[in-house]
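Right, one structure below, let's go through it.
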Amino acid sequence: MARSHHIDSLNIVMAASEAVPYVKTGGLADVAGALPVELAKLGHTVTLIVPRYRGFQTDGRLLRQLGTIRVKTAKGSVDATLEEELIPVAEGGQSVRVVAVRYDPYFDRAGLYQGPDGDFSDNLARFSFFSRAIVEVMAFLGSSRSEPISVLHLHDWQTALAAVYLKTTERDRAIVGDVRTLLTLHNVGYQGIFPGPQFSETGLPSDLFTLAGLEFYGSVNLLKGGILFADKVSTVSPTYAKEIMSPDGGFGLEGVLAGRRDGVVGIINGIDVGSWDPETDSHLAANYSRTDLSGKAVCKKALQLELGLPNRDVPLIGVIGRLTSQKGFDLLAEIIPELMAVGVQIAILGTGDRVLEDQFQSAKERYPEQISLSLKFDEGRAHRIEAGADMLVMPSRYEPCGLTQLYSLRYGTIPIVRKTGGLADTVIPYRPSTALAGRATGFQFSEVSADSLLATILLALKVYADREMWTSIQQAGMGVNCSWGRSAKLYVEAYRVLQAGG
Ligand code: ADP
């Protein structure tokens, strides 16, 4: 469909190592899948570049051959094929163009980043390759398209090198040399660190392997390179943006981040409000809305039945997510006896660290009528816990944005969170003043300790007994706008600053 090009419409190229609906291991895939669609709805031209892994979902998709690019590697140049799919965007926007880079020696294997024996040993070569391919795809597309590329939006360490190539080895190239870059950090705990002697895999001049470049305590650090060379850096919440500039949150990159003159902009992720909507969610036993919550009680009963918990009228606490120390679930494991004593039920869904899995497993065996444990990934069950639970606990040590608490808000399930990163930015804590003003949407604690978590859960249970107050907190949360539309507009602002030379 031909569409007149607005003067202020941008030509955005986005690159990520995973994206919904093709391939997903974490929240990055949700962002890389949803943001391009929202940008296209706003009238922008969007191309998304992803690697074509073996696990790439092609069922029901319309991929076609687009062409071939030649990509440099440390072992010489190789040909990669490009496959393309146009994803139609509702509401009269343009379609999103997805370009999958196919190079089987690197991507036709089980797993994205790791196999049964841990991280793939050639990850530096693989993602140097992908980052160079991003540049080549831009050159390939640019040569057949009149609109110049306004911005290249990169995500995490897997694509960070593209920003480095554009400012160094590819700097004088037509079409791509002047493209401005935004790098979004989804979790600074993952930096793409490789042994120093592998630096030559990047194909970058060795004078970039210094303290002022990609060198990091003798190793190669791709995220550091991206932070140094991208024209702008963003992360997924304003509070996390501040935290990563301090030693507690920067994982060694705090100095590099704080050294950026323009700082780091924080933009909260949106959620897919289409698939996460209690009014239409087909995973649920009953649907409900902000003005009629009666279906939520049906969902709670159905959840107790599904999980084998006795159907009791007691507070039901949901836990969903990776069972890791980042998420702080070890704090929860510590206070199980105290929580059992007050009679609550807990529904846990997640996988992760063995020690934590085992701890929850023995808790479940000890309190079978109060604890349910699902050690698996189960999308439908995640929806049913979000709907059926009364509250959801997220005691994260750090949390760049967090999606689970956003689903909870929307499902009238009151989040109990630690005051960090995106949790601090999205949950308005219950206090006499916020409660009176009808603004409170959840409960927060600051100190990383089992005691603070327990005290906050006990406070929530006290408020739970006040049905009128509880309902007003539920409704305040359900009224919060967590859509991608809001976030997409903020990204457009960031792109425009870049375009204007900022
Ligand atoms: P992170 O990306 O750090 O893991 P987020 O809260 O940003 O945490 O996103 C996690 C996403 O994965 C959410 O959509 C959450 O519902 C989902 N999720 C995590 N664990 C499971 C599980 N075991 N089953 C189903 N969904 C899960």
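The values are calculated or read from the model by the stated rules, or taken from the named source; none is laboratory data. It should be emphasised that the depicted structure is a prediction, and the values quoted were computed from it without experimental measurement. Note that each Cβ is placed from the backbone with ideal geometry, even for glycine, and that neighbours are counted across all protein chains shown. Ligands, DNA and RNA are stripped out before the accessible areas are found, and what is left, the full protein with its side chains, is counted by its heavy atoms. Shrake-Rupley method; radii C 1.70, N 1.55, O 1.52, S 1.80 Å.
Below, the figures for the structure above:
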| quantity | calculated |
| --- | --- |
| Sole residue being at pLDDT below 95, open to solvent by 60 Å² or more (accessible area, probe 1.4 Å) and either under 23 Å from Val314 (Cβ atoms) or not in a loop (DSSP other than H, G, I, E, B) (or both), chosen from Arg496, Arg486 | Arg486 |
| Meets criteria (closer than 19 Å to Val31 by Cα, in a loop (DSSP other than H, G, I, E, B) and touching a helix residue (DSSP H, G or I) at 6+ places or on another chain (Cβ under 9 Å)) for Gln94 | yes |
| Single residue of the stretch 438-466 satisfying the filter (closer than 28 Å to Ile271 by Cα and open to solvent by 70 Å² or more (accessible area, probe 1.4 Å)) that is nearest to the chain's Cα centre (by Cα) | Ser446 |
| Within the stretch 330-361, tally of residues that are assigned to a loop (DSSP other than H, G, I, E, B) and more than 16 Å from the ligand (Cβ to nearest atom) | 4 |
| Among the candidates Lys364, Lys327, Lys301, residue that is farther than 24 Å from Leu423 by Cβ and within 16 Å of the ligand (Cβ to nearest atom) | Lys364 |
| Criterion (part of a strand (DSSP E or B) and over 22 Å from the mean Cα position of the chain (by Cα)) met by exactly one of Val78, Val46, Val50 | Val78 |
| Tally of residues being of a type in the set (S, T, N, Q) and modelled with pLDDT of 95 or more across the stretch 138-193 | 8 |
| Restricting the stretch 389-410 to residues that are open to solvent by less than 10 Å² (accessible area, probe 1.4 Å) and among the hydrophobic types (A, V, I, L, M, F, W, C), the residue that is farthest from the ligand (Cβ to nearest atom) | Met391 |
| Pick from the stretch 21-43, criterion part of a helix (DSSP H, G or I) and β-branched (Val, Ile, Thr), ranking: nearest to the ligand (Cβ to nearest atom) | Val31 |
| Selection status of Arg3, of a type in the set (Lys, Arg), open to solvent by 30 Å² or more (accessible area, probe 1.4 Å) and modelled with pLDDT of 95 or more | no |
| Subset of the stretch 302-322 (residues that are outside any loop (DSSP other than H, G, I, E, B) and touching a residue at least 40 places away in the same chain (Cβ under 8 Å)) | Ala302, Leu303, Gln304, Glu306, Leu307, Leu316, Ile317, Gly318, Val319, Ile320 |
| Residue list for the stretch 334-369, restricted to those being small (Gly, Ala, Ser) and crowded, with 18+ Cβ neighbours inside 10 Å | Ala347, Gly350, Ala363 |
| Enumeration of residues in the stretch 290-300 that are more than 14 Å from Thr413 (Cβ to Cβ) and surrounded by 15 or more Cβ atoms within 10 Å (Cβ to Cβ) | Val298 |
| Test for Val233: is it of a type in the set (Val, Ile, Thr), within 21 Å of Ser487 (Cβ to Cβ), buried (at least 19 other Cβ atoms within 10 Å of the Cβ) and touching a Leu at 6+ places or on another chain (Cβ under 7 Å) | yes |
| Subset tally (residues that are surrounded by fewer than 24 Cβ atoms within 10 Å (Cβ to Cβ) and either within 15 Å of the ligand (Cβ to nearest atom) or modelled with pLDDT under 95 (or both)) for the stretch 411-430 | 2 |
| Residue, farthest from the ligand (Cβ to nearest atom), within the stretch 375-385, restricted to residues that are more than 18 Å from the chain's Cα centre (by Cα) and within 16 Å of Ala302 (Cα to Cα) | Arg384 |
| Neighbours by Cβ (under 6 Å, 6+ apart or cross-chain): first from the stretch 476-502, charged (D, E, K, R); second open to solvent by 80 Å² or more (accessible area, probe 1.4 Å) and at pLDDT below 95 | none |
| Members of the stretch 72-130 that are hydroxyl-bearing (Ser, Thr, Tyr) and over 22 Å from Val220 (Cα atoms) | Ser77, Thr81, Ser95, Tyr103 |
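Quick grid of which residues meet (1) in contact with a Pro (Cβ under 9 Å, 6 or more places away or on another chain); (2) free of Cβ contacts under 8 Å to residues at least 24 places away in the same chain; (3) open to solvent by 60 Å² or more (accessible area, probe 1.4 Å); (4) not basic (Lys, Arg):
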{"site": "Ala90", "(1), (2), (3), (4)": "no, no, yes, yes"}
{"site": "Val98", "(1), (2), (3), (4)": "yes, no, no, yes"}
{"site": "Tyr113", "(1), (2), (3), (4)": "no, no, no, yes"}
{"site": "Glu136", "(1), (2), (3), (4)": "no, no, no, yes"}
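This table checks each residue for (1) within 16 Å of the ligand (Cβ to nearest atom); (2) open to solvent by less than 60 Å² (accessible area, probe 1.4 Å); (3) free of Cβ contacts under 8 Å to residues at least 40 places away in the same chain; (4) more than 27 Å from Ala241 (Cα to Cα).
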residue	(1), (2), (3), (4)
His153	no, yes, no, no
Asp172	no, no, yes, yes
Thr181	no, yes, no, no
Asn187	yes, yes, no, no
Ile193	no, no, yes, no
Gly196	no, yes, yes, yes
Phe199	no, yes, yes, yes
Gly203	no, yes, no, yes
Thr210	no, yes, yes, no
